[in-house]
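Trainee: Here it is: the structure, laid out below.
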Amino acid sequence: MTHEPCRNATRHLLGLEGISSDKITSLLDLAEYYAQMDCRTTSSRDVLRGRTLINLFFEDSTRTRTSFEIAGKRLGADVINMSVPQSSINKGETLLDTAATLNAMHTDLLVVRHSQSGVPTLLAKKVDASVINAGDGLHEHPTQALLDGLTIRHYLGTLAGLTVAICGDIAHSRVARSNIYLLTTMGSHVRLIAPPTLLPNTFRQMGVDIYHHMDEGVKDVDVIMMLRLQRERMSTGLVPSAREYFRFFGLDHRRLNLARKNALVMHPGPMNRGIEIESSVADSDQSVIQKQVEMGVAVRMAVLDDLTRGKDIP
Ligand code: NCD
C-alpha cells in the first residue's frame, strides 16, 4: 500500500492554531494508513532509517513519551529518551545550552514536553531538528488532538457537523486548546463545560459554546471528552472537594444517557476515576479511551514521517 506524501509547509509541529483542514486531513489519512498497517507482518522501518529522535521530557508522561518511542522505533529511527532528572539540566545548564548540545549531535527530531508554554517554540528557533510539541504548559498538545480527531473519525466517519463536549478543567488544559483548534477547523461544534473558575473568558472568542451546567452541556452531543483536574497547575483551590466536583461535573451513566445514543466517551489520560469520570463509565462499551491510546502511536508515526519527508539526513 502506498500513500501520497502530505504537503509539508512547516518543519515543526508546535501547535494546531492556524493549521488548515487540508493539512489535518492529510495527517489523519496518513495516520489511518499506519493504524491499519499490521506491524507484525509489514515493515516500515525504512521510513526513518538513519534518523535520530530524542524524547526530551521535562514533565511526567506515560502515554505520550512511550508512544513517540514506539512510533519512532516502528519507523526505524534511533530513539533516545533523555531523562531530565539525570541530565545536566539538573546541574543548572540553561535550556539554550541544552539545545546547542543536542544540535551538535545532529538530531533529526526533537520531541519536547515542558511545564512552560512556549518552550518548544523557543527551541525550534535554536536547533536544526524538527521540533514536535508534546505538551507545553497550558498552551498546546497537537498530537493529542490529532489522535482524538483520528479516534472520532474512526468511529463516526467524519468530524464535520458533530457536536463535541469538552468537559472539566479547561483552564489548565493544553489538550482542550489543541482540540478546539482542530475540531472547529474540521467543522465540529464544540461545547465547553466547566465551572466558571476553570473556564476563563478568553475561550469565548474561540468559536465555542460555553456551559456551566453539565446536564445542559452534554444533551444530544456525539462525543464527550473528559479532562483531568490539573491540580499541579492550580495555585489556589479552584474547586471545592473532589466529591463536590464529581457531583456537579463528573460523568456518570445518568449524564451519559443525556447525550446521543452511543455517544463516544473520551479521556486523554491520566484518568482520576471517581473525580471527573465514574469508573464504570470509563470501562463501558461507549468508552473509546483505549482506542485513543492505540491511535496515539499511529498519529505519531504519521507526524514523524511527515516532518522528515524530503529532508536530507544531516
Ligand atoms: C495530558 C497532558 O499531559 O497534557 N495527558 C496526555 O498527554 N495524555 C492531560 C493531562 O495531563 O491531564
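Trainee: Rg and Dmax of the chain, Cα atoms, in Å?
Mentor: Just the Cα atoms of the chain yield Rg and Dmax of 19.3, 56 Å.
Trainee: Still on this model: When DSSP assigns beta bridges and you keep just the ones with both residues in the chain, what percent turn out antiparallel, to the nearest 5?
Mentor: If we restrict to bridges inside the chain, about 5 percent are antiparallel.
Trainee: Skipping prolines and chain starts, which residues have an amide H placed within reach, meaning under 5 Å, of the one on LEU251, given they are 5 or more residues away or on another chain?
Mentor: Those qualifying (amide H under 5 Å, at least 5 residues apart or on another chain) are ILE277, GLU278.
Trainee: Which whole-Hz ³J(HN,Hα) couplings does the stretch 252-258 yield from phi under the Karplus relation 6.51 cos²θ - 1.76 cosθ + 1.60, θ = phi - 60°, glycine and proline marked x?
Mentor: 10, 5, 4, 5, 4, 5, 7
Trainee: Select from the chain the helices, each a whole stretch of DSSP H, whose alpha-carbon atoms run 15 Å or more along the helix axis and whose Kyte-Doolittle mean is at least 0.0; answer none if there are none.
Mentor: Helices meeting the criterion: 142-156, 174-185, 289-308.
Trainee: Based on the Cα gyration tensor of the stretch 156-240, what are the three equivalent ellipsoid semi-axes, each the root of five times an eigenvalue, rounded to whole Å and given largest first?
Mentor: Working through the eigenvalues yields semi-axes of 22, 13, 11 Å.
Trainee: Related question: Can you give me the relative contact order of the chain as a percent, contacts being Cα pairs under 8 Å and 6 or more apart?
Mentor: Across the chain, relative contact order equals 21 percent.
Trainee: Could I ask something else about it? Which pairs, out of LYS23/LYS125; LYS23/LYS311; LYS23/LYS219; LYS23/LYS73; LYS219/LYS291, put more than 26 Å between their alpha-carbon atoms?
Mentor: LYS23/LYS219
Only the coordinates and a few stated rules stand behind these numbers; no lab work does. Every value quoted in this text rests on a predicted model; they were computed, and no experiment measured them.
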